[in-house]
Structures are given as structure tokens and as C-alpha cells.
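Reviewing the structure listed below.
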Amino acid sequence: MFFTPKGLSFFPESASTIASHVDALYAFLVLTSAFFSLLIAFLVVFFAIKYRKREAPQLPPDTNIAGHGGGLILEIVWTVIPLGLSMIMFVWGASIFFTESRPPADSMEIYVTGKQWMWKIQHMEGAREINELHIPVNRDIRLTMTSEDVIHDFFVPAFRTKADVLPGKYTTEWFRPTKVGQYHIFCAEYCGTKHSGMIGTVFVMDQNDYDAWLAAGSGEGSMAEQGQALFNQLGCGNCHPSVVNNNNGRCPNLHGLFGTTVDIKDQPSVRADESYIRESILYPDAKIVAGYENIMPTFKGLISEEGLLKLVEYIKSLGPTSGTPTGAAPGAVQTTGSEPQTPQQRRMSPQAVQPPTAR
Ligand code: HEC
Ligand SMILES: [Cu+2]
């Protein structure tokens, strides 16, 4: 959009659906600021000359030092115009913000773990990479991100999007790449001595190339499969019933949990999202599911962040609407029945959940 001489570029390439919207808003901000800066600079000089100090005989005959004719209209004008302009900026900016913060329901999911000083990336199909992110073009991509140590920030300038990556929490970021190519990843939050080296590359590929890349990638099975192995290895299955339709009364059945609303003892109910599952594993005391005893041990220190993501992915894959591990997206998880059900009933209902073997 901006004219630039060859070789000199003020803007990174724009390679996502949101990029042109961000650039247009930015241009509007810059042009508005430039216009008013010039206007004010001009008026400063103009009025300095016009109202310079003069002797009484030189004053124009109609000068009325006490009065202020036309002041009201002038004040209304210079209040309403900036108000209008700033409301345009606010509404425009907010709409882009909302678009950027709401991943489309059928986005492809990828997990990112930030660490001093590298990006570790896990694909649901099992492939893993460091400081590289391979994705197909023209697909909505949703990153679920966390940090092993300090605050980082995952920034892809060509996609005009970034989000903080926080320890102890999951944050998300989404984009839809529009052009095959390679783009920079930066950490955009100062995170220690080698912060500037915490960089990487996004490879946006044709779907076919991406499929080939994925197929070459993993020998360890999908994330959900690895999560299931971890689930068994850590003994989660000794307590939590592994059969869809089973309720042993002591521990909640995790099938169909993801995306539902969970009643919590002595606290407001919560939505079972990634963060809730993570917290349930690390800090089981924080929120006790209504109707159950506080007997789950903490697994803090026993599971890495990447392991936690695999467990989350496994529990998500047990979701009611998802036949495959890739299906479950937040917000998309709804039971089809018309009557409102409690989470417990929902999880017990055989129609609402798929047997684990159907994946
Ligand atoms: C000693 C038995 C026991 C073990 C082992 C255990 N849990 Fe739990 N878990 C419970 C009980 C009881 C609850 C419900 C009370 C609570 O919220 O703490 C629960 C709650 C949960 C919840 C929240 C469920 C809901 O309906 O909202 C999740 C998620 C969970 N556990 C995952 C795991 C995972 C993953 C593991 C293995 C790393 C595990 N649990 C190991 C007993 C256990
Ligand atoms: Cu960093």
C-alpha cells in the first residue's frame, strides 16, 4: 500500500487474511496523525504572525479584545470532529481485535511451548519441530501456547498477529496464511540474554506438500495417542473410568468432558477448556468437581509442559462431538439433545459420546 523504492521496505510482507485490515487501520492512524500535526504546526505559525504584538494605532479597527464571537461553534466543531475520529479508530480497532482473538471453530490446532530460548512446536498428528512451524496455506490455524519459564510472545510480522506466551497458562493465537513462503517468527517479549536469538521460521506450504511433510514427520503416533500412553503410565486410568458409559462414583468420567460446563464445589461452575484441564492435573485442590472427594494427587513436577499438552489433547479427543482427535474445537462442543443436561448426565449419555475405539 505504501510506495517504497525497490529493496527498501517499511512493511513486512502481508501473508494472512488479517494483514491488510491491520495495515489499513495503521495507515488511517498515521494519516490522521500526520494531517493534524501539519494543521496544528501551520496554525501555530499562522496565529503567531496574525496576533503578533502591535501598538494600538496599528490594530485593525474591528478588534474586540474582550469579546469572543463564534467561540461556541468553534468549540463544538473541535470537540465533535476528534470525538468522531477517535470513535472510528476505536470501533475499527476493536473489530480487528475481536477477529484476531476469536479463532474460527474448525481451525487446525497446533501446540507451542516457549522456553528460554526456543520455540517447541507439536502437531496433533505427532510431528514435532523446534523454531520451525510448517503449516498449510489457506487454512485457519490456531496455536495453543504456554511457556516453561518466563513470559515470551509469539510474533509473526507477516501475519500481523502476536500473543503473549505465559507460564502456567494457555493462550491462543490464530491466523490464516494466504501465501506460500517463509516468514519470520520473533519472540516479542524481552525474556533474557538470548531473547534476540529466540527466532524461527514459518513455512507456509501447499496442502500436498504439507501432507507429505507431516507423513515424514512422526514415528511416535498422534498427540492424543501419546497422551493416552502417558495417561496410562501415570496411573490416571486407575481412578478415572476408561469406559465411556461407566461411573465408578469415586472419580469423574473424562469422556465428553471437554467443552462442557463443570459444577464446582463451593465455587462458580467453569467451562472445561484447556486451562481447566491443566489446572485439574497440576492443582487438583483448586477446583473440586461437585459430588466428588478431594482425593486426586497433584502431578505437579511429574509432567512436562509438552506432556500436559498431550494429556489435554487426549482428554479433548474423548469429546462428545469428536469422532477424531482433530474435531473438538472450543465452542463447537454441543450436545444435540434439546433438554439441558448436567455435565454428569451429559457424560453418562451414550448417544452424546463416542466410544474411544471409534476414533
Ligand atoms: C487417586 C485417583 C485419581 C488419580 C490417580 C487421578 N485423578 Fe483426576 N480426579 C480424581 C478425582 C476424585 C477428581 C474429582 C475431584 C477433583 O476435582 O479433584 C478428579 C478430577 C480430574 C479432572 C477434572 C474432571 C472434571 O470432571 O472436571 C481431570 C481433568 C482429571 N482429574 C485428570 C486426571 C489426569 C490426567 C490424571 C493422571 C495424570 C488423573 N486425573 C489422576 C481422581 C484421580
Ligand atoms: Cu522469548
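Restricting the stretch 114-172 to residues that are within 14 Å of ligand 2 (Cβ to nearest atom) and outside any strand (DSSP E or B), which is surrounded by the fewest Cβ atoms within 10 Å (Cβ to Cβ)?
Step by step, filter the stretch 114-172, then rank; the result is ASP149.
Within the stretch 295-311, how many residues are part of a helix (DSSP H, G or I) and touching a helix residue (DSSP H, G or I) at 6+ places or on another chain (Cβ under 6 Å)?
Within the stretch 295-311, the subset part of a helix (DSSP H, G or I) is 305-311.
Filter once more, so that each one left must be touching a helix residue (DSSP H, G or I) at 6+ places or on another chain (Cβ under 6 Å): 307-308, 310-311.
Here the count works out to 4.
For MET118, only one of the following conditions fails: (1) without any contact (Cβ under 8 Å) to a residue 60 or more places away in the chain; (2) over 12 Å from the mean Cα position of the chain (by Cα). What is its number?
Condition (1) is where MET118 drops out.
With (1) of a type in the set (A, V, I, L, M); (2) in contact with a strand residue (DSSP E or B) (Cβ under 6 Å, 6 or more places away or on another chain); (3) more than 28 Å from ALA105 (Cβ to Cβ) as the list, and LEU234 as the residue in question, which single condition is left unmet?
Going through the list (1) of a type in the set (A, V, I, L, M); (2) in contact with a strand residue (DSSP E or B) (Cβ under 6 Å, 6 or more places away or on another chain); (3) more than 28 Å from ALA105 (Cβ to Cβ), LEU234 breaks only (2).
Could you pull out the residue among THR326, THR357, THR335 that is outside any loop (DSSP other than H, G, I, E, B), away from ligand 2 (no atom under 16 Å from the Cβ) and at pLDDT below 70? Give the derivation first.
Working: THR326 fails: outside any loop (DSSP other than H, G, I, E, B); THR335 fails: outside any loop (DSSP other than H, G, I, E, B).
Criteria check complete, one pass: THR357.
The values are calculated or read from the model by the stated rules, or taken from the named source; none is laboratory data. Remember, predicted model here, so these are calculated numbers, not experimental data. With ideal geometry, Cβ positions are generated from the backbone for all residues, glycine too; neighbour counts draw on all protein chains shown.
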